[in-house]
1. Please determine whether any residue of region A:26-38 is closer than 20 Å to B:PHE179 by Cα, among the hydroxyl-bearing types (Ser, Thr, Tyr) and part of a helix (DSSP H, G or I).
2. Just checking, does region B:46-57 include any residue being touching a Ser or Thr at 6+ places or on another chain (Cβ under 6 Å), free of Cβ contacts under 8 Å to residues at least 40 places away in the same chain and more than 7 Å from chain A (Cβ to nearest Cβ)?
3. Of all residues in region A:49-96, count the ones that are of a type in the set (D, E, K, R), farther than 23 Å from B:THR106 by Cβ and part of a helix (DSSP H, G or I).
4. Just to be sure before I move on: is A:VAL21 of a type in the set (Val, Ile, Thr), within 7 Å of chain B (Cβ to nearest Cβ) and either surrounded by fewer than 22 Cβ atoms within 10 Å (Cβ to Cβ) or out of contact with any Pro (no Cβ under 8 Å at 6 or more places or on another chain) (or both) in the structure I sent?
5. Would a scan of region A:30-37 turn up a residue that is more than 11 Å from the chain's Cα centre (by Cα) and facing another protein chain (nearest Cβ under 7 Å)?
6. Take the residues of region B:169-207 that are surrounded by 14 or more Cβ atoms within 10 Å (Cβ to Cβ) and touching a Ser or Thr at 6+ places or on another chain (Cβ under 8 Å): which is farthest from the other protein chains (Cβ to nearest Cβ)?
7. Give B:VAL86, B:VAL79, B:VAL54 a once-over and let me know the one that is over 26 Å from A:ASN4 (Cβ atoms), surrounded by fewer than 23 Cβ atoms within 10 Å (Cβ to Cβ) and at pLDDT 95 or above.
8. Could you look through region A:56-89, keep only residues that are more than 7 Å from every other protein chain (Cβ to nearest Cβ), crowded, with 17+ Cβ neighbours inside 10 Å and more than 15 Å from the chain's Cα centre (by Cα), and pick out the one that is farthest from B:GLN181 (Cα to Cα)?
Amino acid sequence: MLLNQFLLLAAALFSIGVYGVIARRNGVAVLMSIELILNAVNINLIAFSAVHGDLSGQVFALFVIAIAAAEVGVGLAIVLAIYRNRHSVDLDELDLMKG
Amino acid sequence: MALASAASMALPGTDDPINVSQTVGFGVIAVIMVVSALRVVTTRNVVHAAMWLVMVLAGAAAQYVLLAAEFVAVAQVMVYIGAVVVLFLFGVMLTRARLGTDADLTRKNWYGAAFVGVVMLALLSFSLVDTFSDAKVPEDRRTGLAPSVAPGASAEEVEAALADPNVGSNTAAVSDSLFSQYLVPFEVVSVMLTAALIGAIVIARRD
């Protein structure tokens, strides 16, 4: 197998995730797009780990999985707090910090 | 030639053998993953987006198995599909009561975001093809473990242990690496998970 097929798949997932982060208005949908980006990074780490025969890539993929879980927990807690205060998770309406 | 081509055949234009079954499996899973990822960011129903995300995550786990990273694949299934997607569904349930289609899920000017995504994909693809055009994943993807030498072994026993390649499962090698070389980052991650858990409770609590 070529290394490039995994890297191109990860690049496609990363670009789709970037599109989702920019285009989505719902806070939960944006968090899902961030998960796509983190998965693309993980595929890259595992692919390079296999190519170099070095397991550090797999260990760091496990770290990325753990950090993604923590990020989703805190992110959804923030979305819930925003929903309780503003009764909306529409990111276009969250302009409190606009001058 | 006919028998040999069933297992491996030369890459067009070169003499390098490629494993046909693995490459076909990769292609099928990759197409499923890309289509599902596109549905995640385009569907008008948040719950459907979570279900398509399950397809992407399961496909990623399958790719990890293809790359002989079985422990990461199992962790992916347990953490992502088991926990994160359930968390997403709870988030959808608690933030929006109606589960039907929602036309406002995507911005009006989504084509700007699509332009950014396409340009990013083009740049990444060009640089990747340019840089890693001939890099290949090795056929034998098991990693050697540290040679097992008993404490106080004689020089001959050490020589014998070094001569015998201690090839085992990647899971054993990952655990060796995680609990020796990367022990401090591992502990830091566990502290961070605790901090994130307490932080999430504090943020989401109704006070």
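1. The answer is no; no qualifying residue exists.
2. Yes: one or more hits.
3. Step one: of region A:49-96, the residues of a type in the set (D, E, K, R) are A:54, A:71, A:84, A:86, A:90, A:92-93, A:95.
Restricting the remaining residues to those that are farther than 23 Å from B:THR106 by Cβ gives A:54, A:84.
When the remaining residues are screened for being part of a helix (DSSP H, G or I), the result is A:84.
Here the count works out to 1.
4. No.
5. Initial filter on region A:30-37 (more than 11 Å from the chain's Cα centre (by Cα)): none.
No, region A:30-37 contains no residue that is more than 11 Å from the chain's Cα centre (by Cα) and facing another protein chain (nearest Cβ under 7 Å).
6. B:ASN170
7. On the way: B:VAL86 fails: at pLDDT 95 or above; B:VAL79 fails: at pLDDT 95 or above.
Answer to the selection: B:VAL54.
8. Among those residues, the one meeting the criterion is A:ILE82.
The values are calculated or read from the model by the stated rules, or taken from the named source; none is laboratory data. On a predicted model such as this, the values are computed, not experimentally measured, just so you know. All Cβ positions, even for glycine, are placed from backbone atoms using ideal geometry, and neighbour counts span all protein chains on display.
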